[in-house]
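Report on the structure given below.
The values are calculated or read from the model by the stated rules, or taken from the named source; none is laboratory data. None of these values were measured; they are calculated from a predicted model. Ideal geometry is used to build each Cβ from the backbone, glycine not excepted, and the neighbour counts take in all protein chains shown. In case anyone asks, the SASA skips ligands and DNA or RNA and just uses the protein heavy atoms, side chains included. Shrake-Rupley method; radii C 1.70, N 1.55, O 1.52, S 1.80 Å.
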Amino acid sequence: MQLTTHTDYALRLLVYLAINDGEQTATIHEAAERYNISANHLAKVVQMLVQQGYVKSQRGRGGGLSLAKPSNEINIGALIRKTENLQLLSCFSEPASCPITPACVLKHALGKAQTAFLEVLDQYHLTDLVTNRNKLRELMKVS
């Protein structure tokens, strides 16, 4: 399974916000700079994360980005379901365009693999990804 850049950036931003642990807000520019990624692309990701209720965005002096809910309430599997197109092949959509879809073993195998992938990610919350908060802060040069 391969995640899109959109989901990658969403996970990175959430980790970045979680290592601050509510101590301070962050900016899109700051997070993009720390990860060496496109601020413009990250801004689009932030917009989606705000709409989905994962991130709060506060404008003005002292504003910035912060988690909208505690990190132990942000499930990684649920996030990926919201950010990814999980139709691995055209036969995963309705109506399926492939004539062998009703008897296809490949579709079944890929469906099982995808289910297993998501079930593993369902076991993780954002808080699990930042148990090494001090090391992450050091690597990200966050004070």
> If you take the Cα atoms of the range 93-143, find Rg, then find the Kirkwood Rh from the mean of 1/r over all pairs, what is Rg/Rh?
Replying inline: 1.36
>> Could you compute how much accessible surface H6 exposes when probed at 1.4 Å, giving the result in Å² to the nearest 10?
In response: 50
> Want the number for L106 to M1: 0.36 nm per residue separation, take away the alpha-carbon distance, what's left?
Replying inline: 36.3 nm
> Ranked highest first by average number of other Cβ atoms within 10 Å, how do 67-80, 93-106 line up?
Replying inline: 67-80, 93-106
>> Ignoring ligands, DNA and RNA, please state the percent of accessible area on the chain from carbon and sulfur, probe 1.4 Å.
In response: 50
>> Need the full-extension length gain, T27 to N134, defined as separation in residues times 0.36 nm minus the C-alpha distance. One decimal, nm.
In response: 36.5 nm
> For the range 1-98, with every protein chain kept in place, what is the accessible area per residue (1.4 Å probe, Å²)?
Replying inline: 57
>> I'd like the projected area of the chain, averaged over all directions, using the convex hull of its alpha carbons. Report it in nm² with one decimal.
In response: 9.8
> Which whole-Hz couplings ³J(HN,Hα) result when phi for each residue of the range 70-87 is put into the Karplus expression 6.51 cos²θ - 1.76 cosθ + 1.60, θ = phi - 60°, listed in order with x for Gly and Pro?
Replying inline: x, 4, 6, 9, 9, 8, 5, x, 5, 4, 5, 4, 7, 9, 9, 8, 8, 8
>> In whole Hz and in residue order, list the ³J(HN,Hα) couplings for the range 2-19 that follow from phi through the Karplus curve 6.51 cos²θ - 1.76 cosθ + 1.60, θ = phi - 60°; x for Gly and Pro.
In response: 10, 8, 6, 4, 4, 5, 4, 5, 4, 5, 4, 5, 4, 4, 4, 5, 5, 6
> What net charge is computed for the residues neighbouring V45, neighbours being all others with C-beta under 14 Å from the C-beta of V45, Lys and Arg scored +1, Asp and Glu -1?
Replying inline: +1
> Measuring from centroid to centroid over Cα atoms, what is the spacing of the range 1-70 and the range 76-134 in Å?
Replying inline: 23
> How would D122, D21 line up by accessible area, probe 1.4 Å, largest first?
Replying inline: D21, D122
>> Restricting the calculation to Cα positions, tell me the Rg (one decimal) and the Dmax (whole number) of the range 55-129 in Å.
In response: 18.2, 60
